[in-house]
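Below is one structure, written out as C-alpha cells; the observations come after it.
What follows draws every value from the coordinates through simple rules; no lab data is involved. These numbers come from a predicted model, not from an experiment. For neighbour counting, all protein chains shown are included, and Cβ atoms are generated from backbone atoms with ideal geometry for every residue, glycine included.
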Amino acid sequence: MADEPITLSTLAQFHRDVVLPDIERVVEGAARGLRDDMHGLFDSLAKKIDRLETEYQMLKAGLQRVEDRLDRLEEKIDKLALRSELVELKGRVDGLQERVRVLEARLEG
C-alpha cells in the first residue's frame, strides 16, 4: 500500500473513515459541553428568579403592612389634632366667659 499512489478516491475514503468521525466526535463533545453549560446557567437563573419573586412578594406584603400602619397613625394624628383644637377652643371659650363675667360685674357695679 505504501507504494500505491494517493488518489482522490483514496483521500475521500480516508476522510470518511478517519477524519470525519474524529471531527464529529470533537464537535459532538463540544456541543454536549455547551448544552450542559447552558442548562446549568438556565437552572441557576431560574433559581435566582424564583428567589427574587419570593423576596418581591415578601417586600410587597411588608410594604402593605407599613402602609396600613401609616394609615392608622394618620388617623391617630388627626384625632390628636382635633383634640388639640378642641382644648384650644375650650380655653378660648373659658377666656371669653371670664371676660363676660368681668363685663357683667362692671355693669352691675
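So the values come out like this:
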read-out: Degrees separating the helix 20-108 axis from the principal Cα axis of the chain, which is the longest one; value: 0 degrees
read-out: Approximate spin-label separation D43-D94, in nm, with each point projected 7 Å along Cα-to-Cβ; value: 7.7 nm
read-out: Kirkwood-based Rg to Rh ratio, the stretch 1-79, C-alpha trace; value: 1.73
read-out: 13 Å beta-carbon shell around V100, net charge (K/R +1, D/E -1); value: 0
read-out: Expected 222 nm ellipticity per residue - DSSP helices of 4 or more, -39500 (n - 2.57), all of the chain, to 500; value: -33000 deg cm²/dmol
